[in-house]
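Before any comments, here is the structure.
Since every read-out is calculated from the coordinates, none of them should be taken as a lab result. Not measured: the values here are computed from a predicted model. Here Cβ is always computed from backbone atoms with ideal geometry, including for glycine, and neighbour counts include all displayed protein chains.
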Amino acid sequence: MAASSPLVSIITPSFNQARYLEASIRSVLAQSYAPLEYIVVDGGSTDGSLEIIQRHADRLARWLSEPDAGQADAINKGFRMARGEIVAWLNSDDLYLPGAVAEAVRALAEHPEAGMVCGDGILIDEGNRLLDWHRYRAFTLPDLLSFEVLLQPAVFMRRSALEACGGLQDDYHLILDHDLWVRLASRAPIVHVPHYWAAERTHPEAKTMAAAAEFADEARRLIAEAGRSPDLGPVVAAHRARVEAGLECFAARRMIDAGRYGTALSLFARGFRRRPGTALRYWYKIIQAAMGAAGLERLFLGYRRARRRLQHGPARLDLSEGAPRLVRRRA
């Protein structure tokens, strides 16, 4: 990159994630882009995370370890320390893929009107095995208000846009990222780049699994607050059926993660009544909920594993050299 390239600040919040933390740190440090400052904000871990952070301290712009009020508080601390014109955060169980930061900077340079850019990503498990490809499209504000979700680790923001909307809200603990995307999109367009930038990890301790049922409460609160907002209220009103259907389907998908299949089916039905086309976009999840409610969850999960294997083959991320590398194995 040229000497005039903008400084990029990456923040990693972490708390007792020693199993995954080093791979996340190395995926940032392996990025080819410069200038880049990397800040790690630890919540006072006691599982060996500090030893991992200290091993890389000479390549970190700053790091700290102290109790915090949750993930949003930790990330906001990092944002306040950051000096970059472009900012992002990478959770301690996720990874950047090679070239992600450089491509994000390039996209923001090519789209000065954008407040943020997002890429595609992959889904991996705790053993770094490839589970799925996350492909997206360009989302608008009504899309986000209807709970079409972005892949958080594949998002990069202009600092000016982040500061204009006030950063993360500390009282959101589960959809803190989606709330921020909505507020950013109300001020400037989002640009999507169809390249793979990040790996999102799913594992039993991840919030998306461990607190799945609580996502719905925060989602309903977000829409209620948006409806009262001078900026967002008219958009919610203009797309009310779509927004409400999307909200019900989002809640249904989280109930599937929580194993509450009957509740998920009821929520999908409510979404269908509000806007059939929105609910039918999630036909695959409706089938999963129906099979789970019928006691056939293992059959569905077996089918899904076989389907993924046929689609992707036996593949995993090799993290042995710092930069994640997708490798294929013999079946």
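Measuring r between the beta carbons of Asn16 and Trp133 and using R0 = 30 Å, the FRET efficiency lands at 0.50. The alpha-carbon positions of segment 112-178 define a convex hull whose volume is 124 Å³ per residue.
Taking other Cβ atoms within 10 Å as a rough exposure proxy, Arg80, Arg183 sort from fewest to most as Arg80, Arg183. Between the amide H of Glu37 and those of Val8, Ser9, Ile10, distances stay under 5 Å, these residues lying 5 or more places away or on another chain, with hydrogens modeled in the peptide plane.
The three principal axes of the C-alpha atoms in segment 210-295 carry coordinate ranges of 46, 28, 14 Å, sorted with the longest axis first.
Taking the Cα centre of the chain as origin and assigning +1 to Lys and Arg Cβ atoms and -1 to Asp and Glu Cβ atoms, the resulting dipole is close to 1500 debye. Rg ratio for segment 8-203: its Cα radius of gyration over 2.2 N^0.38 Å, N being its residue count, equals 0.95.
The slack in the chain from Arg309 to Leu123, taken as 0.36 nm per residue of separation less the alpha-carbon distance, amounts to 65.6 nm. Need one word for segment 179-331: rounded, prolate or oblate. Basis is the Cα gyration tensor (sqrt eigenvalues a ≥ b ≥ c); a/c below 1.5 gives rounded, then a/b vs b/c decides. Note, shape of segment 179-331 comes out oblate. Dividing the radius of gyration of the alpha carbons in segment 1-71 by their Kirkwood radius gives 1.01 for Rg/Rh. Under 5 Å between amide hydrogens, built in the peptide plane, is the criterion, and for Val193 it picks out Cys118, Gly119 among residues at least 5 positions away or on other chains. In this structure the amide hydrogen of Trp89, modeled in the peptide plane, comes within under 5 Å of the amide hydrogens of Ile11, none closer than 5 places in sequence on its chain. Beyond 16 Å, what share of the Cα-Cα pairs of segment 134-239 remains, rounded to the nearest whole percent? So the portion of pairs separated by more than 16 Å is 61 percent.
Can you compute the charge dipole magnitude of segment 8-203 about its Cα centre, using +1 on each Lys and Arg Cβ and -1 on each Asp and Glu Cβ, nothing else charged? Give it in debye, rounded to the nearest 20. With only Lys, Arg, Asp and Glu charged at Cβ, the dipole is about 500 debye. Applying the criteria of a DSSP loop state and at most 16 other Cβ atoms within 10 Å to the GluC sites (Glu not before Pro) of segment 1-108 yields Glu85.
Kirkwood analysis of the chain, using all unique Cα-Cα pairs, places the hydrodynamic radius at 20.6 Å.
Where only DSSP H runs of four or more residues are counted, the chain gives -13500 deg cm²/dmol as its mean residue ellipticity at 222 nm, each run worth -39500 (n - 2.57).
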